[in-house]
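To keep things clear, I will list the structure first and then write my remarks on it.
Since every read-out is calculated from the coordinates, none of them should be taken as a lab result. Since we're looking at a predicted model, the values are computed, not measured. Neighbour counts are summed over all protein chains in view; Cβ atoms, including those assigned to glycine, are modelled from backbone coordinates with ideal geometry.
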Amino acid sequence: MEKLEDLIAEMEKYGRENRVPIINEKGMPVLLETVRRKKPHRVLEIGTAIGYSTLLIADAAADDVQIDTLELSDERAETARKYIDRSRYSRNITIHVGDAGESLLRLKGKYDFVFIDAAKGQYPDYFRKVYNLLTDDALVLADNVLFRGYVLGKVECPRRFRTIVKRLREYISLVTDNDEFQTVIREDGDGLAISQRLSGENK
Ligand code: SAM
């Protein structure tokens, strides 16, 4: 098995050279700090790309973590599988290739941590589908929710991104208006929404 830090450095280089979007250096510490605090056992990741965040989550989660990660692109999923198989987390991670909106309907069981990082225009749909798959104390973290400053209106949004921005605002309303969740929006990186489901006496 290769050392995780060497693999991660190689993946960062691959991402840069092949223009594969991976969570940026400001968002990553927030994601990892959240996973370390939560120590989840069953993780759902929507948007694998080459498995970069998948491996970092595996390393920060509980020792027995099982991760289901969803990716549309065959090529990216294959690259992710190769990297993951070179790590000690090969048996902890299952990649589901296909449209996440459809894969979500086939998943079984409950997840205590969900990382949403795929098609930004689909976040509300992902959340509605994920809702039935959450444990009572699940945490849902979504990346890119402030999308280049357009979502808060800090930067004027070009016409081609208007639908995405509308859907991201809808996602933020879905999680913030829902009494079952306590949501914090972090402005780090491209913006992260951290939604903790409140269970029992915390409601
Ligand atoms: N989470 C990864 C990381 O930080 O290392 C980065 C994920 S990247 C930002 C988003 C990924 O979502 C891309 O690889 C893209 O192919 C995938 N994607 C886009 N639309 C999708 C869909 N409808 N279903 C599944 N995956 C999708």
- [ ] Could you tell me what % of all Cα pairs in the range 11-66 have separations over 13 Å?
- [x] 59
Task: Restraint check, LYS39/LYS108; LYS13/LYS108; LYS13/LYS129; LYS82/LYS120, Cα-Cα greater than 32 Å - done: LYS13/LYS108; LYS13/LYS129
- [ ] Provide the per-residue ³J(HN,Hα) series for the range 70-85, in order, calculated from phi with Karplus coefficients 6.51, -1.76, 1.60 and θ = phi - 60°, each as a whole number of Hz, with x at glycine and proline positions.
- [x] 10, 9, 6, 7, 4, 5, 5, 4, 5, 4, 4, 4, 5, 5, 4, 5
- [ ] Enumerate the amide H contacts of HIS96 below 5 Å, restricted to partners 5 or more residues apart or on another chain; note that Pro and chain-start residues carry no placed amide H.
- [x] THR69, LEU70, GLU71
- [ ] Find how much the distance from ASP85 to CYS157 grows on full extension, using 0.36 nm per residue of separation minus their present alpha carbon separation; answer in nm with one decimal.
- [x] 21.9 nm
Task: Qualifying GluC sites (Glu not before Pro) for the range 20-85 [loop in DSSP, other Cβ within 10 Å: at most 15] - done: GLU25
- [ ] Could you tell me whether the chain comes out rounded, prolate or oblate from its Cα gyration tensor? Rule is a ≥ b ≥ c as square roots of the eigenvalues, rounded for a/c under 1.5, then prolate if a/b exceeds b/c, otherwise oblate.
- [x] oblate
Task: Long-range amide H partners of PHE113 with built H, under 5 Å - done: ARG42, LEU44, LEU139
TODO: Express in nm, to one decimal, how much length is gained between ASP179 and ASN18 on full extension, taking 0.36 nm for each residue of separation and deducting their alpha carbon distance.
DONE: 53.8 nm
TODO: Quick one: which residues, 5+ away or cross-chain, put their amide H under 5 Å from the amide H of ASP188? H built at 1.01 Å from N.
DONE: none
- [ ] Provide the per-residue ³J(HN,Hα) series for the range 116-128, in order, calculated from phi with Karplus coefficients 6.51, -1.76, 1.60 and θ = phi - 60°, each as a whole number of Hz, with x at glycine and proline positions.
- [x] 9, 7, 10, 5, 4, x, 9, 4, x, 5, 4, 4, 4
